[in-house]
Amino acid sequence: MNISLDQLSTFGREVFRQAGLSQADAATASDTLLAADSWGIHTHGLKNLGGYVKRLNGGGINPLGQARVIAEGPAWARVDGDASLGMIGSTFAMRQAIRKAAASGIGFAGLCNSCHFGAAGCYASLAADEGMIGIAMCNDTPTVTVPGARGPVLGSNPIAYAVPAGEQLVLLDIATSTVAGGKVFSAAALGESIPEGWIVDEQGRPATDPSTFPAKSTL
């Protein structure tokens, strides 16, 4: 069965609309997830719709949240996401950074009161679309261990950069752990084992059962 990107876009937008988002925000959220799918990063694509909708319906995310600038200078801005979807606040924040960079040569925007934002590369690429070098990063719930530890110490804290190169785009989007947690969750959902080196158990030993993450294992 083949499903076109247009069909997926329409479906994603309608799901978010039914969950209470405005038409514009539903388009932003759906298209951001769809971009990840189109890059082959399905762990950060539309497969996450169910989780987002559950949080929207449960009150964990504000469907009508409006990101806003709460402090700023010539080359920086601090943005309050108003508990909206991460894709909404992050897109708004990157647009602010782009606007600042156009005026000052460099722009930075920090976002608070937000949540999971999908693939970081989606926001870095917004700057590249404007002929700028874009960098996007975020913090994360601790799920990553460090040498000598037996439990989570750091978040996977992804970082992405995008550089325009003529008609091409140079894009790097990585977790700072060995692998993104989403890949472990995907393997668990499919009932598959994972390679040694992705996670370690409570004793710090290599593990291959993804169903133990994150309760009894760490990245």
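Defining a contact as two alpha carbons under 8 Å apart and six or more residues distant in sequence, what relative contact order in percent does the chain show? For the chain, the relative contact order is 12 percent. Only alpha carbons enter this Debye calculation for the stretch 78-123, each as an equal point scatterer, and the log10 of I(q)/I(0) it gives at q = 0.17, 0.26 Å⁻¹ is -0.44, -0.87.
For a distance above 25 Å, tell me the whole-number percent of Cα pairs in the stretch 68-174 that qualify.
Pairs farther apart than 25 Å: 25 percent.
I'd like the antiparallel share, as a percent to the nearest 5, of DSSP beta bridges with both residues in the chain. Roughly 80 percent of the beta bridges in the chain run antiparallel, per DSSP. Per residue of the chain, the DSSP helices (runs of n ≥ 4 H) give a summed -39500 (n - 2.57) that works out to -11500 deg cm²/dmol at 222 nm. The ranking of K100, K54 by Cβ neighbour count inside 10 Å, starting from the fewest, reads K54, K100.
Projected onto planes of every orientation and averaged, the convex hull of the alpha-carbon atoms in the stretch 4-133 covers 7.5 nm². Look at where the Cα atoms of the stretch 134-212 and of the stretch 100-130 average out, and the two centres are 21 Å apart. Pairs of Lys residues in the chain are counted when their Cα atoms are under 28 angstrom apart and they lie 8 or more places apart or on different chains; the count is 5. Legend: calculated FRET efficiency, A71 to R17, from the Cβ-Cβ distance at R0 = 25 Å, rounded to 0.05, equals 0.20.
Taking neighbour counts of Cβ atoms within 10 Å as a proxy for exposure, in what order, fewest first, do W76, W198 appear?
Listed from fewest to most nearby Cβ atoms, that is W76, W198.
Residues I135, I199 in ascending order of nearby Cβ atoms (within 10 Å, fewest first): I135, I199.
Of the peptides 166-172, 154-160, the ranking by mean beta-carbon count within 10 Å, highest at the top, reads 154-160, 166-172.
When the Cα atoms of the stretch 130-219 are aligned to their principal axes, the ranges along those axes come out at 48, 28, 17 Å in descending order.
Shown is the FRET efficiency for L190 and Q7, computed with R0 = 22 Å from the Cβ-Cβ distance and rounded to the nearest 0.05: 0.40. Shape class for the stretch 5-58, computed from the alpha carbon gyration tensor (a ≥ b ≥ c): oblate, with a/c not under 1.5 and a/b at or below b/c.
All of the numbers you see were taken from the coordinates with simple rules; none came from a lab. Because the structure is a prediction, the values reported are computed rather than measured. Every residue, glycine as well, gets a Cβ built from its backbone with ideal geometry; the counts of neighbours run over all protein chains shown.
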